[in-house]
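Undergrad: What follows is a structure written as structure tokens; I'll ask about it next.
Derivation of every value follows stated rules applied to the coordinates shown; laboratory data play no part. Values in this document were obtained by computation on a predicted structure and should not be read as measured data. A quick note on method: Cβ atoms are made from the backbone with ideal geometry, for glycine too, and the neighbour counts reach across all protein chains shown.
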Amino acid sequence: MTNPLLQIENVTKEFGGLTAVKSVNLEQNAGEILGLIGPNGAGKTTLFNMISGTFAPTHGDIYFAGQKITGSVPHKTCKMGITRTFQIAKPFAKLSVVDNVKVGVFLHTSNATKAEAEAREVVSFVGLKPWADRPARILTAAGRKRLELARALATQPRLLLLDEVMAGLTPTESVEIVKLIHQIRNSGMTILVIEHVMKAIMSLSDRIAVLHHGELIAVDEPATITSDKRVIEAYLGEEMHFAGA
């Protein structure tokens, strides 16, 4: 039996009198796509922030590849192999698409020629080759999402954290992003993804973890999650529709 790549042990995050994440225990295996869902305010992004090092847990520990990373800072977790995207993509608008991606490549090389070549390879992989030398500001919403992915991939992560990478996209654009995420996983990467587009997350994930009021209420395969009474009850009144997922 292999050890999990990511281990979250009894993790809690408190902000003053508010408990955003409460006693969460979760493991993710290498090569797995694990979906993280829940209503707004459930603690999903807070959990991401603790894994990536933006926040330190109030209680509990986080391990990556067997190494304790509790309370580490983002640039250190990135060098270890954990990279995240953000829901709102904010590229360097005046820089070219390639130069935006090159910033990530410089994490693991100081050779400008090598960085240029690697950046162009990543840009091509995410489908942005025609815009490689154009300023990032001209990209559509879907293009900016792809650039956000490219910038993350440029750091050569082992664990990729995707925060609502399909938010604001059309159904057709979401389908294309799902295909791209599958390609990324097929390259050997492990992916933890927050998503509100239920049809997409159900088709994408090997397993789904459900947060509600900061607590982990279910972890299982997508087909089981859709019929879990605790999950259904947690989404009463929420715009979470499993029909057709």
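Undergrad: Search segment 62-76 for residues that are closer than 19 Å to residue 22 by Cα and pair each with any residue that is of a type in the set (Gly, Ala, Ser) and exposed (fewer than 12 other Cβ atoms within 10 Å of the Cβ) when their beta-carbon atoms are under 7 Å apart and the residues are at least 6 apart or on different chains.
TA: none
Undergrad: Give segment 133-161 a look and list any residue that's closer than 27 Å to residue 53 by Cα and assigned to a loop (DSSP other than H, G, I, E, B), or say none.
TA: Residues satisfying the conditions are 154, 155, 156, 157, 158.
Undergrad: Kindly list, by first and then second residue, each pair from a residue in segment 133-160 that is without any contact (Cβ under 8 Å) to a residue 12 or more places away in the chain and at negative phi to a residue that is surrounded by fewer than 23 Cβ atoms within 10 Å (Cβ to Cβ) and assigned to a helix (DSSP H, G or I), limited to pairs with Cβ atoms under 8 Å and residues at least 6 apart or on different chains.
TA: That search, which allows pairs on different chains as well, returns 138/131.
Undergrad: Residue by residue through segment 65-96, note down the ones that are among the aromatic types (Phe, Trp, Tyr) and touching a helix residue (DSSP H, G or I) at 6+ places or on another chain (Cβ under 6 Å).
TA: So the first thing to find is which residues in segment 65-96 are among the aromatic types (Phe, Trp, Tyr), and the list is 86, 92.
Result: 92, single match.
Undergrad: How many of the residues making up segment 109-132 are in contact (Cβ under 8 Å) with a residue 24 or more places away in the chain and part of a helix (DSSP H, G or I)?
TA: Within segment 109-132, the first condition is being in contact (Cβ under 8 Å) with a residue 24 or more places away in the chain, and the residues that meet it are 118-119, 122-123, 125-128, 131-132.
Among the residues that remain, those that are also part of a helix (DSSP H, G or I) are: 118-119, 122-123, 125, 131.
The number of residues fulfilling the criteria is 6.
Undergrad: Ok, one more. Please find, among 158, 146, 137, the residue that is in contact with a Ser or Thr (Cβ under 9 Å, 6 or more places away or on another chain) and among the basic types (Lys, Arg). Don't jump to the end; show me each part of the working.
TA: Working: 146 fails: in contact with a Ser or Thr (Cβ under 9 Å, 6 or more places away or on another chain); 137 fails: in contact with a Ser or Thr (Cβ under 9 Å, 6 or more places away or on another chain).
None of the others qualify; the one that does is 158.
Undergrad: Moving to a separate point now. Taking the criterion of being surrounded by 15 or more Cβ atoms within 10 Å (Cβ to Cβ) and under 19 Å from residue 20 (Cα atoms), would at least one residue in segment 171-184 satisfy it?
TA: No, segment 171-184 has no match at all.
Undergrad: Related question: Output the residues belonging to segment 171-193 that are over 24 Å from residue 210 (Cα atoms) and either touching a Pro at 6+ places or on another chain (Cβ under 9 Å) or in contact (Cβ under 8 Å) with a residue 24 or more places away in the chain (or both).
TA: Passing the criteria: 173, 176, 183, 188.
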